[in-house]
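Below is one structure, written out as C-alpha cells; comments come after it.
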Amino acid sequence: MAERIGFVGVGRMGSNMARRLKEQGYQVTAVYDVNAAGAQALALELGCQACTELREVTKLSDVVITVVTDDAAMKKIFSGGLLSRSKGKLFINCATISPDVHVKVEEKANKAGAMSLEACMASSITQARDGTLYLMCGGKQEAFDRAKPILEKLSASLRYIGSAGKAAQVKALVNMVMNINTAGLAEGLGLGAALGLDLPMLREVFSQTGANSRVLQTDGEDMQNREHSCFFSAAHAAKDSGIALALSKKAKLNLPLAATTYKQFRRMEQLGLGELDKSGIAELTFKNRAARRKK
C-alpha cells in the first residue's frame, strides 16, 4: 500500500471513498473540492492536506481519484493543472461522463507521461462507504492492473470492460435502464394511488411478479412515503439519460422510452426538484402532489 492517494471531488461519493481507503491502510495525502470548506473538513478528519490548487494534489499523490459532476467539470480539472508534472502518475476517474471525454482524458494523460483509467460506479453512497461498489473499468490493461489493488478495496465486484470509453458506454446504459425503471415504477404507484389501491399491497404484488425490479426495492417505499433524501439525484439522472440519448443519436437509434424519461427528470430540474433523490420523480405522477399540479 505504498501508493499515496489524492482525491479531486470529495462530495458524498468521493469523501466516503477516501474514508474507506484510509481505513484499509492507504495513505490519503491530499483532497481538493470546489467546496473548499468541505475539503478542509475531510482533510482534518483524515489527517491530510486540503489543496487549493489541482497541481498540489498531483504533487502529493501517486494515484489521483477524481469524482466530479459532469463533462465540463472533468475537462476543467484536466486543463486546470491536474496534469502538471504528472509523469508516472495514475488518474482513476469515477464520474459518469460522456465516453468521448474519457478517451480525451486518457490521451492527455498519456501525452503527459501519466496513465488514466475510467472506473465507473454503479452503486451509491452507502456502498462507497463500506467498500461494496460495483465498478466497471475502461482504459489500458496496464492502468487497470495498477489500479486493481486500490479498486478491490472499494468494490464488491470489479469488471474490466475494455478500452477507454467502453466502460462509460456501459455505465450510461445501466443508468438509462435504471432511470426508465424508476419512471415506470413512479407511474405504476401513482396510478395505484389514484385508483385507491393499498400501496404496500401493490408493492408486495409487484415484488412477486414481472413488475419486480431493483428500483422497487430501493425506491418503492420512498415514493409512497415521499421520502426523497438524496442518494442519486434527479439532476444526475437527467444528465446520465442525456448521455445515453447522445450515444443513441450517434448510433442512429430511436429510444422513445429513454427520451420520455429524460424529459421527466428534466422537468424535475425545472421545478426546482433536481436535488431530490431520483425517487422524487413520483412527485410528478401521484395525482394529489404539488409538482403534478404544476405540470
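In the range 225-257, which residues are under 21 Å from residue 126 (Cβ atoms) and polar (S, T, N, Q)?
Residues satisfying the conditions are 225, 229, 233.
Let me confirm something: among 265, 231, which residue is surrounded by fewer than 23 Cβ atoms within 10 Å (Cβ to Cβ), out of contact with any Pro (no Cβ under 8 Å at 6 or more places or on another chain) and in contact (Cβ under 8 Å) with a residue 40 or more places away in the chain?
231
Is it the case that the range 134-153 has a residue that's in the same structural domain as residue 39 (by TED's automatic domain parsing), at pLDDT below 95 and not polar (S, T, N, Q)?
No, because not a single residue in the range 134-153 is in the same structural domain as residue 39 (by TED's automatic domain parsing), at pLDDT below 95 and not polar (S, T, N, Q).
Only one of (1) of a type outside the set (S, T, N, Q); (2) closer than 17 Å to residue 97 by Cα; (3) crowded, with 23+ Cβ neighbours inside 10 Å is not met by residue 51, so which one is it?
Tallying (1) of a type outside the set (S, T, N, Q); (2) closer than 17 Å to residue 97 by Cα; (3) crowded, with 23+ Cβ neighbours inside 10 Å, residue 51 fails exactly one: (2).
Which residue out of 41, 109, 72 is closer than 27 Å to residue 132 by Cβ, in a helix (DSSP H, G or I), of a type in the set (A, V, I, L, M, F, W, C) and at pLDDT 95 or above?
Answer to the check: 41.
Looking only at the range 255-286, how many residues end up being among the polar types (S, T, N, Q) and more than 16 Å from residue 223 (Cα to Cα)?
3
Kindly indicate whether any position in the range 3-12 is more than 19 Å from residue 129 (Cβ to Cβ) and part of a helix (DSSP H, G or I).
Checking the range 3-12: not a single residue is more than 19 Å from residue 129 (Cβ to Cβ) and part of a helix (DSSP H, G or I).
Could you look through the range 268-295, keep only residues that are in a helix (DSSP H, G or I) and polar (S, T, N, Q), and pick out the one that is surrounded by the fewest Cβ atoms within 10 Å (Cβ to Cβ)?
Top of the filtered list is 270.
Test of understanding: among 129, 146, which residue is touching an Asp or Glu at 6+ places or on another chain (Cβ under 9 Å), touching a residue at least 24 places away in the same chain (Cβ under 8 Å) and under 23 Å from residue 22 (Cβ atoms)?
Only one candidate qualifies: 146.
Could you check, for the range 10-28, whether at least one of its residues is among the small types (Gly, Ala, Ser), under 23 Å from the mean Cα position of the chain (by Cα) and closer than 21 Å to residue 242 by Cβ?
Within the range 10-28, one or more residues are among the small types (Gly, Ala, Ser), under 23 Å from the mean Cα position of the chain (by Cα) and closer than 21 Å to residue 242 by Cβ.
What is the one condition in (1) farther than 20 Å from residue 161 by Cα; (2) under 21 Å from the mean Cα position of the chain (by Cα) that residue 101 does not satisfy?
Unmet for residue 101, out of (1) farther than 20 Å from residue 161 by Cα; (2) under 21 Å from the mean Cα position of the chain (by Cα): (1).
Please find, within the range 140-194, the residue that is nearest to residue 238 (Cα to Cα) out of those that are among the charged types (D, E, K, R) and not in a helix (DSSP H, G or I).
Here the answer is 159.
Tally time: how many residues in the range 150-160 are closer than 13 Å to residue 25 by Cα and in contact with an Asp or Glu (Cβ under 8 Å, 6 or more places away or on another chain)?
1
Inspect the range 45-56 for any residue being of a type in the set (Val, Ile, Thr), at pLDDT 95 or above and in contact with a Leu (Cβ under 6 Å, 6 or more places away or on another chain) and give the result as yes or no.
No, the range 45-56 has no match at all.
For the list (1) in a helix (DSSP H, G or I); (2) in contact (Cβ under 8 Å) with a residue 24 or more places away in the chain, I need the number of the one condition that residue 248 fails.
Result: residue 248 passes all but (2).
With on the phi > 0 side of the Ramachandran plot and surrounded by fewer than 17 Cβ atoms within 10 Å (Cβ to Cβ) as the only criterion, which of 210, 162 stands out?
On inspection, the qualifying residue turns out to be 162.
Which ones in the range 280-295 are touching a residue at least 24 places away in the same chain (Cβ under 8 Å) and over 21 Å from residue 196 (Cα atoms)?
295
The values are calculated or read from the model by the stated rules, or taken from the named source; none is laboratory data. Worth saying up front: this structure is predicted, and the values here are computed from it rather than measured. Positions of Cβ are backbone-derived with ideal geometry, glycine not excepted, and every protein chain shown enters the neighbour counts.
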